[in-house]
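Peer 1: Sharing a structure below in structure tokens format, with a few things to ask.
Bear in mind that the values in this text are calculations on the coordinates, not laboratory data. Just so you know, these numbers come straight off a predicted model, no measurement behind them. Note that each Cβ is placed from the backbone with ideal geometry, even for glycine, and that neighbours are counted across all protein chains shown.
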Amino acid sequence: MRTLCFAVVLILPASAFAQSPRLELTVGAVVDGASSAGVTRAELVDPAGNPFTLFEAKHRTTWAPGLEGRVSWRVTERWAVGVTGSWSRPDFETRISGDVEGADPVTAALGMDRFAVELGVERRFGTSTKWQPFAGLAAGWLRELADDRALADSGVAAHVGGGLKYRVREGRPGWLGHIALRAEARLTLRCGGITLGDAGHRWSPTVAAALVIAR
Amino acid sequence: MTRTALIATTLAGLAVFASAAHLEAYITLGATVGGRVVNLRWDRTVDYFVTNRDIADVTAPQLQGAIDRAFTSWAAVPRTSLGHQFVGFTGAEPVGGDGLTVIGFRSRPELDRTLAAASFEVDNVTGRILEVDIYFNSSQPWSVAAGGRAGSFDLESVGVHEVGHLLGLGHSGLGETELRADGGRRVVAKRAVMFPIAYPGGNIDDRTLEADDKAGITELYGTSDAIRNTGSLSGRVTLGGQGIFGAHITAVHTATGDIVGGFSLTSRGDFVISGLVPGLYIVRAEPLDDADIGSVFDDDAGVNLNFAPMFHDRLVAVPRGGTGPGIEIKVKAK
């Protein structure tokens, strides 16, 4: 009986490996879309408690290219869990206008580095063709650093999205035995960081393209 | 030991200034000791007396209650350490020379635009505060009603302002005023208890401290925790490469809209604003309105008014527990 069980254990991984690799490494480029970051009004308060605006500042985060890496582990034929790490370099821009004393409008900006590490799950569809759709969601830690490193703050990042994976090569042994290209679109939510502090959250689109190797 | 009656500050209920004020800043009171300027701050618990004299609508115990609440408002600012202790009622007047810190009413009908005033006596060798006296002008109408009373100035609100002086804060410029028909001025809007002109009677908003007030008291009485968790912003204001003295610098937190300010206080145009919540700031420089110079500086000589308001062209990151990169705001002549 012990011998039989041992044999089954040996056979099952071999069978699964033939269908789809368990471990995937993904490296690629990512583009974080621009997003509004709200409006700040520098305000006094009048005797009746109403605001008196000194000037208005509209904030946005510019679109930003970056890099992304991902390690995922297939836990069933259709479901995988993974860890994604990303870096991008957006600018935080503020358009200041409407000064009560007539100061010239100005766009003030600050460059920053944005890092995120997210843990997520992914659902794969249609495992039998070269084109494999997938959808997933993830959430994790956000870190933003001002250009001059004077300020750094953490927050939360999360995304939901989906895409297509195109299998270039499959079914061979070793890391280069399974190669795919992956394209993905996401809706990303960020809270905190240096641009928002505790003041709220923002959504932005994100697209990513990557090379996948697996075994 | 030489004593000097160094500073007297007043809070105007109706008008002090001759032209509109639009400034944003807190500033601390200073004394010149051994050729250098030191902040006026208490190095011990503030032991104070209250003059045992009632007026029409306010008893001495009610005044003491309002003052106690005013002290408590300042002491409640996070990450600060300052103590106060009511010693008792006294027959002493709130005037200098007796070594006692006394708070009370005085009838000053000739000062028809003055609600209250604080005066200091400072050891001009050590810079130590010897006493501070605060009087409330009993010629003005006062109220201690919980919700305020129309036509009467709220004693607690004015008390918060005067206790701010007692603790070492000068006047803030964070306010806007307009000319009245009688030649005085009234507040259009403001955002600091330490603004030198009070809200009209019946208003109780100045019982609550604003960001500018909190930054000022944090600079003076911040604990080591405050030093670790707040930041500073520094730089220069220049015109044609030359420093500007007396410019108002405003820092607005991009996430909260809180406004805190400071002044360029050297001939190089150097400024430092401390006690800031970490974050990204919009920075703006403007000239001090010439009618307000006397409420901020002892001597108006050298205060440069000949430049236009201007925003700094970059956002400035204020770090936790440190000072952001020095900036230069290059203004243009009017």
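Peer 1: Under 5 Å between amide H atoms, partner at least 5 residues away or on a different chain: which partners does A:LEU54 have, H built in plane at 1.01 Å?
Peer 2: Close amide H contacts, sequence-distant or interchain: A:ALA42, A:GLU43, A:LEU44.
Peer 1: Still on this structure: Would you mind pulling out the separation of the Cα centroids of the range A:27-78 and the range A:160-192, in Å?
Peer 2: 26
Peer 1: Here's something else I'd like to know. In percent, what relative contact order does the range B:247-334 have, based on Cα pairs under 8 Å that are 6 or more apart in sequence? Don't skip to the answer; put the middle values down first.
Peer 2: Numbers: 148 pairs, mean separation 24.6, N = 88.
Across the range B:247-334, relative contact order equals 28 percent.
Peer 1: Still on this structure, please answer the following. Under 8 Å for C-alpha pairs, at least 6 residues apart: give me the relative contact order for chain B, rounded to a whole percent.
Peer 2: Relative contact order, chain B: 21 percent.
Peer 1: Right, something else. Need the C-alpha centroid separation for the range B:88-164 versus the range B:168-216, integer Å.
Peer 2: Going from one Cα centre to the other spans 17 Å.
Peer 1: Something else now. Could you derive backbone 3J(HN,Hα) for the range B:273-283 from the dihedral phi with the Karplus parameters 6.51, -1.76 and 1.60 (θ = phi - 60°), listing whole Hz in sequence and x where the residue is Gly or Pro?
Peer 2: Going residue by residue, I get 10, 10, x, 8, 5, x, x, 9, 10, 8, 10 Hz, with x marking Gly and Pro.
Peer 1: Further question on the same structure: Let's see if you can work this out: charge +1 on each Lys and Arg Cβ, -1 on each Asp and Glu Cβ, no other charges. What is the dipole magnitude of the protein assembly as shown about its Cα centre, in debye to the nearest 20?
Peer 2: Details: 53 positive and 60 negative charges, 795 e Å.
Taking the Cα centre of the protein assembly as shown as origin, the dipole is about 3820 debye.
Peer 1: Given the pairs B:LYS214/B:LYS332; A:LYS58/A:LYS165; B:LYS190/B:LYS332, which are separated by over 29 angstrom at their Cα positions? Walk me through the numbers before you get to the answer.
Peer 2: Working: B:LYS214/B:LYS332 32 Å; A:LYS58/A:LYS165 38 Å; B:LYS190/B:LYS332 27 Å.
Cα-Cα > 29 Å for B:LYS214/B:LYS332; A:LYS58/A:LYS165; rest within.
Peer 1: Moving to a separate point now. Where nothing but the Cβ of Lys and Arg (+1) and of Asp and Glu (-1) is charged, how large is the charge dipole of chain A around its Cα centre, in debye to the nearest 20?
Peer 2: Details: 25 positive and 22 negative charges, 392 e Å.
That gives chain A a dipole magnitude of about 1880 debye.
Peer 1: For B:VAL193, enumerate residues with amide H under 5 Å from its amide H, sequence gap 5+ or separate chain, H modeled in the peptide plane.
Peer 2: For B:VAL193, the qualifying residues are B:GLU210, B:ASP213.
Peer 1: Positive end of the dipole of chain A, charges at C-beta (+1 Lys, Arg; -1 Asp, Glu), about the Cα centre: which of A:GLY200, A:VAL39, A:PRO105 has its Cα farthest in that direction?
Peer 2: The Cα lying farthest towards the positive end belongs to A:GLY200.
Peer 1: Okay, next question. Provide the per-residue ³J(HN,Hα) series for the range A:24-37, in order, calculated from phi with Karplus coefficients 6.51, -1.76, 1.60 and θ = phi - 60°, each as a whole number of Hz, with x at glycine and proline positions.
Peer 2: These are the phi-based 3J(HN,Hα) values: 10, 10, 10, 9, x, 9, 9, 10, 7, x, 5, 8, 5, 10 Hz.
Peer 1: Which of B:ILE329, B:GLY30, B:ALA92 sits farthest toward the positive end of the charge dipole of chain B, with +1 on the Cβ of Lys and Arg and -1 on the Cβ of Asp and Glu?
Peer 2: B:ILE329
Peer 1: Let me ask something additional. Using a Gaussian network model of chain B whose springs link C-alpha atoms within less than 10 Å, name the residue from B:ASP270, B:ASP68, B:ASP112 with the highest mean-square fluctuation.
Peer 2: B:ASP112
Peer 1: Next question, about the same structure. Relative contact order of the range A:21-214: what whole-number percent is it, with Cα pairs under 8 angstrom and at least 6 residues apart? Walk me through the numbers on the way to the answer.
Peer 2: On the way: 560 pairs, mean separation 38.9, N = 194.
Worked out over the range A:21-214, it gives 20 percent.
Peer 1: With r as the distance between the Cβ atoms of A:LEU187 and A:SER128 and R0 = 22 Å, compute the FRET efficiency 1/(1 + (r/R0)^6) and round to 0.05. Write out the running numbers ahead of the final one.
Peer 2: Numbers: r = 29 Å, r/R0 = 1.30.
Here the calculated transfer efficiency is 0.15.
Peer 1: Please list the non-local residues whose amide H lies under 5 Å from the amide H of B:GLY269, H modeled 1.01 Å from N, same-chain partners needing a gap of 5 or more.
Peer 2: B:ILE244
Peer 1: Further question: Tell me, what HN-Hα J-couplings in whole Hz come from the Karplus equation 6.51 cos²θ - 1.76 cosθ + 1.60 at θ = phi - 60° for each residue of the range A:138-155, using x for Gly and Pro?
Peer 2: 7, 8, x, 9, 10, 9, 10, 10, 5, 3, 8, 6, 6, 9, 9, 8, 9, x
Peer 1: Taking only Cα atoms and a 10 Å spring cutoff, compute GNM fluctuations for chain A and point out the largest among A:PHE134, A:PHE55, A:PHE92.
Peer 2: Highest fluctuation of the listed residues: A:PHE55.
Peer 1: If you don't mind, another one. From the helices alone, meaning DSSP H stretches of at least four residues, give me the mean residue ellipticity at 222 nm for the protein assembly as shown, per-run term -39500 (n - 2.57), in deg cm²/dmol to the nearest 500.
Peer 2: Working: 7 runs with 72 residues, N = 549.
Helix contribution divided over all residues of the protein assembly as shown: -4000 deg cm²/dmol.
Peer 1: Right, something else. Could you tell me which of B:GLY269, B:ALA66, B:PRO109 has its Cα farthest along the dipole of chain B towards the positive end, charges placed at Cβ (Lys, Arg +1; Asp, Glu -1), taken about the Cα centre?
Peer 2: Of B:GLY269, B:ALA66, B:PRO109, it is B:GLY269.
Peer 1: Of B:PHE86, B:PHE245, B:PHE49, which is the most mobile in a GNM of chain B whose springs link Cα atoms less than 10 angstrom apart?
Peer 2: Largest GNM mean-square fluctuation: B:PHE86.
Peer 1: Magnitude of the Cβ-charge dipole of chain B, K/R +1 and D/E -1, about the Cα centre, nearest 20 debye?
Peer 2: With only Lys, Arg, Asp and Glu charged at Cβ, the dipole is about 800 debye.
Peer 1: Okay, moving on. Just to confirm a number: summing +1 for Lys and Arg and -1 for Asp and Glu over residues other than B:ALA70 whose beta-carbon lies under 9 angstrom from that of B:ALA70, what do you get? Could you put the intermediate results ahead of the total?
Peer 2: Numbers: positive: B:ARG69, B:ARG207; negative: B:ASP68, B:GLU156, B:GLU162.
Its environment carries a net charge of -1.
Peer 1: Classify chain B as rounded, prolate or oblate, taking a ≥ b ≥ c as the square roots of the eigenvalues of its Cα gyration tensor: rounded when a/c is under 1.5, otherwise prolate if a/b is larger than b/c and oblate if not.
Peer 2: Prolate, because a/c is 1.5 or more and a/b exceeds b/c.
Peer 1: Next up: Measure nothing but the geometry: give the 0 to 90° angle between the long axis through the Cα atoms of A:2-19 and the longest principal axis through the Cα atoms of chain A, rounded to 10°.
Peer 2: Helix A:2-19 and the main axis of chain A meet at about 50 degrees.
Peer 1: Using a ≥ b ≥ c from the Cα gyration tensor of the range B:201-300 (square roots of the eigenvalues), is it rounded, prolate or oblate, where a/c under 1.5 gives rounded and otherwise the larger of a/b and b/c decides, a/b for prolate? All intermediate terms of the calculation are to be shown ahead of the outcome.
Peer 2: Details: a/c = 1.77, a/b = 1.24, b/c = 1.43.
Because a/c hits 1.5 or more and a/b fails to exceed b/c, the range B:201-300 counts as oblate.
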